[in-house]
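One structure below.
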Amino acid sequence: MIEIPAGREFYGSNPREHVANVLTLTDKIEVSQDGDLIFDGYKAEDLLSEFGSPLYVVSEETLRQNFRRIKGVFERLWPNKVLVMYAIKSNNNPAIRAVIHQEGGGGDCFGLGELHSTFVGGADPERIAMNGSNKTEAELGAAIQKGVNVNIDAVDEIRMLDAICADLGKVGSVALRIKSAPESLAGSPSDYLGLAGDVSKFLLREKWGFSVDSALDLVPQILNCRNLRLRGFSLHTPRFTQNPELFAACTRDFAETIIRIREATGYVPELIDIGGGWPRDRDPESRMHKLNSSSVENFAEAVVASLLDTFKSHRMPIPELRMEPGRFIVGNAVTLLGRVGQIKRDCGLVWVNVDFSTNNLPRIDTSGSAYHFLPATGMDRPYTELAQIVGSTCIDSRMADNWAVPALRAGEPVAILDAGMYADSASTQFNSVPRPATVMISGGDVHIIKRRESVDDLYRNTSVPQHLLPR
Ligand SMILES: Cc1ncc(COP(=O)(O)O)c(C=O)c1O
């Protein structure tokens with residue numbers, strides 16, 4: 001037995017207990033009687049043997065349940081129409097998009113690439129929004145051609161869009177992105193961003209959205225464009241807190257901005273889009289391993305109350321509510337599987353190498369994300385040591401720090417939970433390591449939804465000039 005560090009009580013005394021302590025509502029994860037980790041009915045070891053290692057494994061069922069959960073809570077609370085639009089940046093695999101489309105979900109996209117993956121997976125243009133602070137003519141043209149809604153985030157976009165629509169003989173559907181950095185957050189700590197009391201400054205400095213003063217100028221300009229139809233306003237608040245009331249301070253401020261615009265211009269929005277940032281129960285990007293103290297339901301209740309209180313107290317008609325969850329829908333729907341490699345013991349430490357790296361979970365390096373690492377067989381083995389779980393690239397690539405493990409052996413299968421969001425879509429090929437394959441478990445079938453890259457794939461677009469070629 002080893003001494004469990006404070007704050008890591010979720011370990012229990014072996015990996016089976018660890019899983020039981022951190023399971024969330026929509027996980028399709030079990031431990032068999034023999035101590036094997038099972039995803040949606042499939043043993044981790046069997047998936048790795050058949051499809052190779054490392055491997056992203058998607059649960060179609062978890063995707064559907066996450067989508068229904070967030071849609072269900074807003075439909076229960078909001079008195080008008082609700083549209084959940086999947087933020088495809090969190091995972092751009094078209095098969096994932098296709099599941100959301102089948103569920104009736106819309107989407108949020110950035111740029112031509114995400115517009116493409118959104119439609120490859122199936123999309124109703126009226127349910128899609130294009131975001132971006134620097135959209136090009138080509139991007140705006142493609143958005144208007146397709147008929148998607150554009151969230152305007154630059155002054156020039158208004159003129160560009162109006163001209164594009166005139167050329168194409170179309171009316172562009174647009175919303176204006178609003179900035180929210182309420183002063184009430186100035187003294188609030190951020191659990192996520194490592195900011196002591198500066199959340200409001202942090203939100204203000206982000207490049208997104210327009211202040212109320214700018215919006216008061218821009219709304220009449222948009223309303224004067226013959227080829228544009230202003231549908232409403234958009235907002236996105238990044239994850240910065242586990243406290244729903246602090247998150248809702250931003251939507252309250254957003255609603256107050258909308259009221260001021262109506263008072264000054266008479267404009268009443270037909271829809272509002274409140275963006276992503278919805279919390280997951282197990283939330284690596286909170287930088288904490290323990291489960292979130294507040295659920296998406298708690299966040300939705302606080303946010304809806306902030307909007308409805310403000311609108312109702314000003315007798316404002318309640319618009320359609322749209323949102324753009326990314327991580328909430330796809331986070332726990334994907335697990336990264338791999339195998340143990342070399343194990344080194346020296347200097348009183350243990351390093352367990354694995355065959356994946358922070359290339360495959362880049363938010364470890366960029367956001368300090370804290371993932372759960374599990375052996376995927378022999379889950380009843382007691383812990384014997386605290387190990388440094390390290391990836392196979394030439395940087396530190398620390399997947400888990402001082403992590404409790406049983407006696408691991410080279411070659412055995414392991415898993416990292418919550419590898420759905422900002423993992424494959426943000427992954428890199430550093431050290432010329434090809435990226436893993438992705439499979440989707442759909443009922444009783446397993447489908448390859450992204451084939452494994454080869455070294456040739458990595459170098460397909462490079463060339464060595466003739467005079468430099470080795471003779
Ligand atoms: C405009 C916009 N919408 C939605 C999202 C998705 O956020 P999340 O994955 O936190 O739900 C993001 C994330 O950066 C975003 O910038």
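The values are calculated or read from the model by the stated rules, or taken from the named source; none is laboratory data. What you see is a predicted model, and the numbers here were worked out from it, not measured in a lab. Backbone-built Cβ (ideal geometry, glycine too); neighbour counts: all protein chains shown. Only protein heavy atoms, including side chains, enter the accessible area calculation; ligands, DNA and RNA are left aside. Shrake-Rupley method; radii C 1.70, N 1.55, O 1.52, S 1.80 Å.
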Task: Residue check for PRO325: within 30 Å of ILE128 (Cβ to Cβ), open to solvent by less than 10 Å² (accessible area, probe 1.4 Å) and of a type outside the set (A, V, I, L, M) - done: yes
TODO: Determine if region 420-439 includes at least one residue that is open to solvent by 40 Å² or more (accessible area, probe 1.4 Å), in a loop (DSSP other than H, G, I, E, B) and under 27 Å from SER286 (Cβ atoms).
DONE: yes
TODO: Quick one: count up the residues across region 244-275 that are under 17 Å from ALA181 (Cβ atoms), outside any helix (DSSP H, G or I) and in contact with a helix residue (DSSP H, G or I) (Cβ under 9 Å, 6 or more places away or on another chain).
DONE: 1
TODO: Give the residue, chosen from VAL58, VAL99, VAL73, that is surrounded by 20 or more Cβ atoms within 10 Å (Cβ to Cβ), among the hydrophobic types (A, V, I, L, M, F, W, C) and not in a helix (DSSP H, G or I).
DONE: VAL58
TODO: Please work out which one of (1) more than 15 Å from the ligand (Cβ to nearest atom); (2) under 21 Å from the mean Cα position of the chain (by Cα); (3) open to solvent by less than 50 Å² (accessible area, probe 1.4 Å) is the condition GLY132 fails and give its number.
DONE: (1)
Open item on the list: For the structure I just gave you, tell me whether LEU23 is assigned by TED's automatic domain parsing to the domain that holds PRO375, buried (at least 21 other Cβ atoms within 10 Å of the Cβ) and among the aliphatic types (A, V, I, L, M).
Closed with: no
Open item on the list: Looking at region 304-319, can you tell me whether even one residue there is part of a strand (DSSP E or B), touching a residue at least 24 places away in the same chain (Cβ under 8 Å) and surrounded by fewer than 21 Cβ atoms within 10 Å (Cβ to Cβ)?
Closed with: no
Open item on the list: Test of understanding: among ARG287, ARG345, which residue is free of Cβ contacts under 8 Å to residues at least 24 places away in the same chain and either more than 30 Å from ALA437 (Cα to Cα) or surrounded by fewer than 19 Cβ atoms within 10 Å (Cβ to Cβ) (or both)?
Closed with: ARG345
- [ ] Check off (1) closer than 23 Å to ASN149 by Cα; (2) touching a residue at least 60 places away in the same chain (Cβ under 8 Å); (3) away from the ligand (no atom under 16 Å from the Cβ); (4) among the acidic types (Asp, Glu) for GLU270 and give me the number that stays unchecked.
- [x] (2)
- [ ] Just give me the residues in region 164-179 being among the hydrophobic types (A, V, I, L, M, F, W, C) and either modelled with pLDDT under 95 or under 28 Å from the mean Cα position of the chain (by Cα) (or both), in sequence order.
- [x] VAL174, ALA175, LEU176, ILE178
